[in-house]
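Have a look at the structure below, then the notes.
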Amino acid sequence: MQMQISDVGGVTKAALFGRLDSRSVRDDDQGEAYFFAHIPKEQPAVVDMSDVSFIASLGVRMLIDTARALDRSGAKLALYGANDNVMDILKWAEIRQVILVVDTEAEAVAAVMG
Amino acid sequence: MSETEQTQIITLARALDSAPGDRLHCLELIDCFDTDRRHVVGPLGVKIGRTPPADIVLLDSEVSRSHCFVAIANNELMVSDLGSTNGTYVDGVRVEGTVPLPVGSVLQIGKRSLQHEFRTTAEISQSDELDRELQRASAYIQALLPPPSRDGPIRTDWVHVPCARLGGDAFGYGQLADDVFVAYLIDVAGHGAGAAMLAVAVMSQLRQRSLPNTDMRSPAQVLTTLNRLYQMDEQAGLFFTIWYGVYDARTRRLDYACGGQHPALLVPPDRSQAIPVGNRNLVIGAVPGIGFKQASIDVPPGALIYLFSDGVFEITDRTGRQWNMSDLERCILEPRVEGVGETERLFHTVREAAVPGPLEDDFSLVVAQFD
């Protein structure tokens, strides 16, 4: 997994790339610890999943952990662009109860700002 | 499993005389949990193959008789392929000629993978002791799993192969009352000791039917209670998914609930389709105080139910394609093989389809056949 984190007008945008499998999520340099540390918790965030080819349960945990941390300070997390395989896994995890899931970046930004 | 597919290791590589602080080059099987999985590479090097006189013998059909040679040069390991049929790989790259095998890299031969470790004798002793502890922990978890059931109105069989020495999967089944049966499979996010400890804790409560103020016949109630008891904030950040089902043989009705897990699959006797048996609820432990839904399905006589962890279908195949559940459905609906159990057939189908080396996740598969 690789990631790019930027600020788009007060919304954190995290673009994830590659496989969110157990090994990559646990990676010290580019894994969940890095992701969690570099997402400001006090402002809304969107996650671009369009280049994620696979997500394992630890990847789901990374997203849920982040959403819960944002929620504690009243901020929202949305993700968008997941492919069918990734979306299947997110649907079975019923992640929509914790994270906003939409199709496009514009929808994601609107959802977290709303 | 045929004899030719079994893997045995015979090694002539002996522990070498060395001072305690000296480091030794070791090749360690990473998909083998035995304490004799480590092989020291001596000054003469080691030959790896399928039959003696190789120093490390791997009885694997994809390993050639004389497969590759690992030597020490300038205190580095160098590996040469010896004209093997299926090739030798270092970190996924096929070996051409002689190439270095850096410390930490993985040497892949057939279905087996060996990691290069550079350890002192003291570290080796310490690692051996840890291996023994993990082996005992693994044996304990295996002992908690129910035996296959060959008789009665519901016959069960299973395969459980952790991808690490300790996995995060657990399952169980049995009678709740006359004519009432329960089955469940839990999958803790991640693997290793932490995940295994949570899996054991949950499995023990389900085995003892000891959830407080909970009707164990109600999947929704069971998931609601588990969610209350196992919030991830209080479980070192761990959560789990679960499939929990209760079957009443008098009505042939199966009540079930999934907490963040994919569905089980029901296959009628004509094997015409695989019907998903699942509903959508959040993973267990993510949010306190939420409710869980359950659903029901009628089980036709002679049907089979396949209950499995995501490691059964979330593999990368040998073409590099990521599998999903429809790939497993296709495998399940393939004709059964005379004399081979369903769990064994599916394990080998998946194992053969996946890239060589250890599976990416724990593999847990339970098949139940109904009268």
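Since every read-out is calculated from the coordinates, none of them should be taken as a lab result. Keep in mind it's a predicted model, so treat the numbers as computed, not measured. Positions of Cβ are backbone-derived with ideal geometry, glycine not excepted, and every protein chain shown enters the neighbour counts.
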note = Stokes-Einstein, Kirkwood over Cα pairs, the protein assembly as shown, 4 °C, 1.567 mPa s; D in µm²/s equals 53
request  = About the Cα centre of the stretch B:201-318, how large is the charge dipole given +1 on each Lys and Arg Cβ and -1 on each Asp and Glu Cβ? Please answer in debye to the nearest 20.
outcome  = 320
query = If you take the charge dipole of the protein assembly as shown about its Cα centre, with +1 on Lys and Arg Cβ and -1 on Asp and Glu Cβ, which of B:LEU176, B:PHE308, B:VAL41 is farthest toward its positive end?
reply = B:LEU176
request  = With only Lys, Arg, Asp and Glu charged, each at its Cβ (+1 for the first two, -1 for the last two), find how big the charge dipole of the protein assembly as shown is about the Cα centre; round to the nearest 20 debye.
outcome  = 660
ask   = Near B:LYS111, which aspartates and glutamates are there with a Cα under 12 Å away, not counting those fewer than 8 places off in the same chain?
value = B:GLU5, B:ASP31, B:ASP60, B:GLU62, B:GLU352
task = Quickly rank A:39-50, B:357-368 as a protection proxy: mean count of other C-beta atoms within 10 Å, highest first.
result = B:357-368, A:39-50
remark   = Under the rule rounded for a/c under 1.5, else prolate if a/b exceeds b/c, else oblate, using alpha carbon gyration tensor axes a ≥ b ≥ c, the stretch B:99-146 is classed as oblate
ask   = Can you tell which of B:HIS348, B:HIS191, B:HIS116 shows the greatest fluctuation in a Gaussian network model of chain B with Cα springs below 10 Å?
value = B:HIS348
query = Within 10 Å of each Cβ of B:60-68, how many other protein chain Cβ atoms are there on average?
reply = 0
remark   = Using alpha-carbon positions, the gyration tensor of the stretch B:25-87 gives root eigenvalues a ≥ b ≥ c; with a/c under 1.5 called rounded, otherwise prolate if a/b exceeds b/c, else oblate, the class is oblate
key: Dimensionless Rg ratio for the stretch B:205-351, taking C-alpha atoms and the 2.2 N^0.38 Å reference   = 1.16
ask   = Under a straight-distance cross-link criterion of Cα-Cα below 19 Å, which aspartates and glutamates are reachable from A:LYS41, leaving out those fewer than 8 residues away in the same chain?
value = A:ASP7, A:GLU32, A:ASP65, A:ASP71, B:ASP233
note = Under the 7 Å Cα-to-Cβ spin-label approximation, B:VAL340 and B:ASP179 lie apart by a distance in nanometres of 3.9
task = Pull up the cross-link candidates among the lysines for A:LYS91, meaning alpha carbon to alpha carbon under 23 Å and not fewer than 8 places away within one chain.
result = A:LYS13, A:LYS76, B:LYS293
task = Let me know the charge dipole size of chain B about its Cα centre in debye, to the nearest 20, where only the beta-carbon of Lys, Arg (+1) and Asp, Glu (-1) is charged.
result = 420
